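*Asks:* Sharing a structure here in structure tokens format.
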């Protein structure tokens, strides 16, 4: 009986493995950091610390002398990141889809106004990061081929 149970368990596991891979557990980390002046940086890597370091480096390269790169970050493996700037307040949120991050931004903005900063300046969208299809191990390329796409893509800001 134990042998039959083991066989069914293995069969279930082999059926479930592709679904687990699609869930994003083996995808790269995407990290975004944003400064008080609106400069931002993005990094992707399989290791969170390397992605964070890349985001801080990218931010420092883009910033106008601001030294707060890395002070506010958002991290996600598979999903969206939305960054807003409201005067001296930054809002960085993550979510599974665009509607979720937009709802989270509205909730955070409302929370800031209601509980912390009643005279919160108008917010402006600084960046939107959209997830893109990550390359899998079976799609590894030869050195002469073009590298796979990053785990995220920056979309143009649409809300001012």
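*Asks:* Going by the structure shown, is residue 127 touching a residue at least 12 places away in the same chain (Cβ under 8 Å) and over 12 Å from residue 41 (Cα atoms)?
*Replies:* For residue 127, the condition - touching a residue at least 12 places away in the same chain (Cβ under 8 Å) and over 12 Å from residue 41 (Cα atoms) - is not met.
*Asks:* Which condition number does residue 25 fail, the rest of (1) farther than 17 Å from residue 153 by Cα; (2) within 19 Å of the chain's Cα centre (by Cα); (3) surrounded by 15 or more Cβ atoms within 10 Å (Cβ to Cβ); (4) modelled with pLDDT under 95 being met?
*Replies:* (3)
*Asks:* What do you reckon, is residue 87 in contact with a strand residue (DSSP E or B) (Cβ under 9 Å, 6 or more places away or on another chain) and on the phi > 0 side of the Ramachandran plot?
*Replies:* Answer is no for this residue.
The values are calculated or read from the model by the stated rules, or taken from the named source; none is laboratory data. Computed from a predicted model, the values in this text were never measured in an experiment. When we count neighbours, we look across all protein chains shown, and the Cβ atoms used for this are built from the backbone with ideal geometry, even at glycine.
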